[in-house]
Structures are given as structure tokens and as C-alpha cells.
Amino acid sequence: MTAAITVNDLRKTYGPLTAVDGVGFEVGPGEIFGMVGPNGAGKTTTIECLEGMRSPDAGDIRILGLDPRRDGYELRERIGVQLQQSSLPDDIKVWEALDLFASYYRKPAPWEPLLDELGIADKREARFSKLSGGQKQRLFIALALVNDPEVVFLDELTTGLDPHARRAMWKLVRAIRDRGKTVFLTTHYMEEAEHLCNRVLIIDRGRIVALDTPEKLVANLKAETRIVFTAAEPDYDPAPLRAVAGVTRVDVAGDKVTVTGRGDRLVILVVNALDAQQARFRDLRTEQPSLDDVFMAMTGDEMKPDGGAK
């Protein structure tokens, strides 16, 4: 099956700074492909080269078999782009924006159904300045889809949105994929990448440090599982838990006990040990390794909820 996106040995420098250093990957048709990395890792430069907005110094890019530099006009008819920072005139109405953007393409898709599909039909006559953050993002998605593209680029789609609006956007991204589109997205939210993407590329200092499905990235990390519970007795003795097979560490902070270890039966063994000890406890939960743990291990950074890196 022909790849929707192919990148080979992509390089871009700005004076002494190497922003992208030999990046290469493929994106399959119908895939939701995510790219994550700390600020300054090369994400924006990479996606702008793919979109044809920036010329690389070296390397080869093919989007639907087209070179963004040589075939830019033809390619723009077949891709949709939602930029990280976008705006429209305050007084432009929703329908006017869609009608204007549709006029840029030779074969635009009917934009009226997009209003219903994206849940902004009731905002057809609303001016841009009167839309909420989530409604503006939905409009920008509609504008990216107005030419019925085969590949859609979504750059930091949900930054600044509340959790409810963010999850609504996730549903829209899946709907775009279900329409047969290939989706390439960048995000600062590890949970977003983990829930949405078929595969995730982690880039750091201009180089790819990991590329696989979220499940395999987490599994390959071989990180430990944490079991956390609240001891009901103030004089709880954690010593028996340290003897449980697979347990590597037991930490006690007040009445909170954290057991760290490995093994498929770790939770069962810990609960059995608590039962044998006749220890009373509550609020037991497990904390499984996540894509955020992978990110920290690969880059030495932790993503902040507000969209930056520590």
C-alpha cells in the first residue's frame, strides 16, 4: 500500500541551529499519526516543511506522491491545514468564511454539510468574534476540510481548550479519519496522542527518538507499575509488602502507601499480602505506565498540562 506521507533524511538549519537533523518516516493512508516533542524539538519546522510552508535544506518529502516544493499548487488542492495559531477578521460570519475559503479551490466540497457535522450549524450567521474557543476550533477544522482533502494536518488542535471541549475535538478527529482521510497531528498532550493516534513519533533536538504505536512504546519502556492505597490504621507496618515477589520499593507518606514493582500478578500478590496481614485499607488503585512516562524517559522532559515542557 502506497504511503500517504514519505519523509527521507529531512534537514533544516537556522544559522548555527540544527532544527531538524535527518528525520525520516512514513504515514499510511487512513492513519492518525501523531508527532510530539518538547518545545524547540523541531515539530513546527517539520510540519511546515510537509505542508510546503517552509523549504528544507536537504531531504525528500512526498505527500500523496507530490513534492511540496515542486508541486505546491497541486498539493494544496489535496491537503487541509489547521495551523497552530489562526485567526479571522472579527466581523466575518461563519458562512462567509467557509464560502470565501471554498472559492480558493478548483473543486471545493459543499461546505454546508460541514456545519452540521462539526456542530456549528446554529452559528452560521455568528461573527467570528462571538464564537467560543471550541467553536473557533471547529470552524478552523471546517475550513481545513472545505476542499475535501485526502490528508489533513492538525497542529496543536486542542491547546487552550477545556477538557470537555478537548474530548469533543478528539471525536471530530476520529470522524475525519473515518471519512477516509489521513490525519497528521502535533500535540503537547500525551493523553491526546495516546487516545487518538495509531502511531506516535517522538522528536527531540531535531531527531526521532521513538516511533511506534502508543501501546508498544509503553510496553517497550518496561516501566514499573505503582499500586497506591490509603492505610486505615496509623501504625501500619509495610514490611510484609517488601517481601512480595516483584515488589521493588514501598514508600509510606502519612497514611498513603505506594508499592512499586513489576509483574502481571503484582496487584493480586499485593492484595493477598494485605489480606494475610489483615490490614485494612481503602482507595486502592493502580497507576500504569503511560505515554507520558515514555516521553520523560526519551527526552528528559515532562509535558505540562498547559502545553509546554518543563
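The values are calculated or read from the model by the stated rules, or taken from the named source; none is laboratory data. Note that this is a predicted model, so its numbers are computed, not measured. Cβ atoms come from the backbone with ideal geometry, glycine included; neighbour counts cover every protein chain shown.
Pairs please, first residue from the range 280-302 and closer than 20 Å to Arg262 by Cα and without any contact (Cβ under 8 Å) to a residue 24 or more places away in the chain, second anywhere and of a type in the set (Gly, Ala, Ser) and surrounded by fewer than 17 Cβ atoms within 10 Å (Cβ to Cβ), Cβ atoms under 8 Å, 6+ apart in sequence or on different chains.
Taking only residues 6 or more apart or on different chains, not a single pair turns up.
Suppose the filter is in contact with a Lys or Arg (Cβ under 7 Å, 6 or more places away or on another chain), buried (at least 17 other Cβ atoms within 10 Å of the Cβ), under 16 Å from Lys43 (Cα atoms) and assigned by TED's automatic domain parsing to the domain that holds Ile120; does Thr159 pass it?
no
Of all residues in the range 11-39, how many are free of Cβ contacts under 8 Å to residues at least 40 places away in the same chain and surrounded by fewer than 16 Cβ atoms within 10 Å (Cβ to Cβ)?
Residues in the range 11-39 being free of Cβ contacts under 8 Å to residues at least 40 places away in the same chain and surrounded by fewer than 16 Cβ atoms within 10 Å (Cβ to Cβ): 4 in total.
Any chance the range 95-104 includes a residue that's in contact with a strand residue (DSSP E or B) (Cβ under 8 Å, 6 or more places away or on another chain) and assigned to a loop (DSSP other than H, G, I, E, B)?
No, because not a single residue in the range 95-104 is in contact with a strand residue (DSSP E or B) (Cβ under 8 Å, 6 or more places away or on another chain) and assigned to a loop (DSSP other than H, G, I, E, B).
Pick out, from the range 4-90, the strands (runs of 3 or more DSSP E) lying fully within it that include 3 or more residues that are among the β-branched types (Val, Ile, Thr).
Correct list: 5-14, 17-27.
For a quick check of your reading of the model, give me the residue pairs whose first member lies in the range 134-155 and is farther than 13 Å from Val81 by Cβ, whose second is of a type in the set (S, T, N, Q) and part of a loop (DSSP other than H, G, I, E, B), with beta-carbon atoms closer than 8 Å and at least 6 apart or on different chains.
Short answer, once both residue conditions are applied: Gln137/Thr158.
So Ser132 ticks every box in (1) of a type outside the set (A, V, I, L, M); (2) touching a Gly at 6+ places or on another chain (Cβ under 7 Å); (3) modelled with pLDDT of 90 or more but one. Which box is left unticked?
Among (1) of a type outside the set (A, V, I, L, M); (2) touching a Gly at 6+ places or on another chain (Cβ under 7 Å); (3) modelled with pLDDT of 90 or more, the lone unmet condition for Ser132 is (2).
On the basis of being under 22 Å from the mean Cα position of the chain (by Cα), surrounded by 15 or more Cβ atoms within 10 Å (Cβ to Cβ) and free of Cβ contacts under 8 Å to residues at least 60 places away in the same chain, does Leu118 make the cut?
In short, yes.
In the set Arg199, Arg207, Arg174, Arg179, which member is in the same structural domain as Asp116 (by TED's automatic domain parsing), among the basic types (Lys, Arg) and within 30 Å of Val267 (Cα to Cα)?
Arg199
Which one of Pro289, Pro214, Pro240 is more than 30 Å from Thr187 (Cα to Cα), touching a helix residue (DSSP H, G or I) at 6+ places or on another chain (Cβ under 7 Å) and surrounded by 12 or more Cβ atoms within 10 Å (Cβ to Cβ)?
Pro240
Look at Leu66 and say whether it is within 15 Å of Val152 (Cβ to Cβ), under 27 Å from the mean Cα position of the chain (by Cα) and of a type outside the set (Asp, Glu).
Criteria not met by Leu66.
Among the residues that make up the range 230-246, is at least one of them in contact with a Ser or Thr (Cβ under 8 Å, 6 or more places away or on another chain) and farther than 30 Å from Phe25 by Cβ?
There is no residue in the range 230-246 that is in contact with a Ser or Thr (Cβ under 8 Å, 6 or more places away or on another chain) and farther than 30 Å from Phe25 by Cβ.
If you take the residues of the range 121-134 that are part of a loop (DSSP other than H, G, I, E, B) and among the aliphatic types (A, V, I, L, M), which of them is surrounded by the fewest Cβ atoms within 10 Å (Cβ to Cβ)?
The qualifying residue surrounded by the fewest Cβ atoms within 10 Å (Cβ to Cβ) is Ala126.
One line per residue, one yes/no per condition, for (1) basic (Lys, Arg); (2) on the phi < 0 side of the Ramachandran plot; (3) in contact with a Lys or Arg (Cβ under 7 Å, 6 or more places away or on another chain):
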position	(1), (2), (3)
Thr18	no, yes, no
Gly24	no, yes, no
Gly28	no, yes, no
Met35	no, yes, yes
Asn39	no, yes, no
Thr45	no, yes, yes
Asp57	no, yes, yes
Arg69	yes, yes, no
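Looking at (1) in contact (Cβ under 8 Å) with a residue 40 or more places away in the chain; (2) over 30 Å from Gly34 (Cα atoms); (3) β-branched (Val, Ile, Thr); (4) outside any strand (DSSP E or B), can you tell me which one Val218 breaks?
Every listed condition holds for Val218 apart from (2).
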